[in-house]
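The values are calculated or read from the model by the stated rules, or taken from the named source; none is laboratory data. In this text, all values refer to a predicted model and were calculated from it rather than measured experimentally. FYI the Cβ positions are ideal-geometry reconstructions off the backbone, even for glycines, and counts take in every protein chain you see. For the accessible areas, the whole protein counts, side chains as well, though only heavy atoms, and no ligand, DNA or RNA atoms are used. Shrake-Rupley method; radii C 1.70, N 1.55, O 1.52, S 1.80 Å.
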Amino acid sequence: MIRDPVERVLTLYDTARRQAGAEALEAEITLAALPWWLRVGSPLRPALDHAIAQGRLGQGRIDIVSGDAAACAAAIFAAAAQLERRAYSRVTVVTADTAIAPVVLDMSAASGFGHTRKTRFVPYPGEAAAAIVLSAPDRTAAPLLELAEMPESLRPLAPDRGLMGFVSAGLLQGFLPPDRGFTLLADLDGERHRAEEFGVVRSRLAEPDKVIVPALATGYIGTATLAVQIGAALAAPPESAVPHLCWTMARSGMRIAARIT
């Protein structure tokens, strides 16, 4: 088991990038969405900078965005802007995050859970990675048609706050297709107030055909949450013609929605 958190993120990152195939490896620029604790000024940042200098995050230009789930959305926005300007013809967004502390790994090993993992590349609950390759936009065929984000105005512990969920419901309502069913990929793991927020969202939306919580979201996976949802939507059987709506909630309070056809 890899105890060092930077090494764990680098292993997840490399696995996701390689599994995405040659297109991801050959992209002109890679946008890396990584945990907030790898931000500039963090005591762990020099280890990441050293890894970049060694080429462990890929060749060519590597741009780092650090934060929570909203960092992945920021990376996708940046990739779309670069493609719109024709600055690049292909951009890879790779995101990896782990909330696993060394003590959790030790407990897993002591309990025998760690021995059920046949390879170090299999994520533990609470960590994930995903790679998305974006190319020059074709509006008639682009599967990721819309992506929006908005901050939740009321913090869950604020005194006299109203119900959570109105921001999320508004974002998702703007993406609902007229008179068509849809699948909702929801990020429901985390703070207790999310049960309240989901209740408000369900009361204001048309009833989805299906609600999916991706299996990897067993624990908080930060920057990787949105990318895992997008990956799950894109991996849906092709005969499924219904749109997929991704609903992600970042610890910063940002609510994120994406529509994928």
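Summary table below
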{"item": "Residues of segment 81-102 that turn out to be of a type in the set (Asp, Glu) and either part of a loop (DSSP other than H, G, I, E, B) or open to solvent by less than 50 Å² (accessible area, probe 1.4 Å) (or both), as a count", "result": "1"}
{"item": "Residues within segment 144-168 that are surrounded by fewer than 15 Cβ atoms within 10 Å (Cβ to Cβ), at pLDDT below 75 and either within 19 Å of the chain's Cα centre (by Cα) or not hydrophobic (A, V, I, L, M, F, W, C) (or both), tallied", "result": "8"}
{"item": "Subset of segment 13-50 [of a type in the set (A, V, I, L, M), touching a residue at least 12 places away in the same chain (Cβ under 8 Å) and more than 21 Å from Ala78 (Cβ to Cβ)]", "result": "Leu44, Ala47"}
{"item": "Test: residue in segment 132-143 that is among the β-branched types (Val, Ile, Thr) and at pLDDT below 75", "result": "yes"}
{"item": "Residues within segment 53-76 that are open to solvent by 50 Å² or more (accessible area, probe 1.4 Å) and in contact with a strand residue (DSSP E or B) (Cβ under 7 Å, 6 or more places away or on another chain), tallied", "result": "2"}
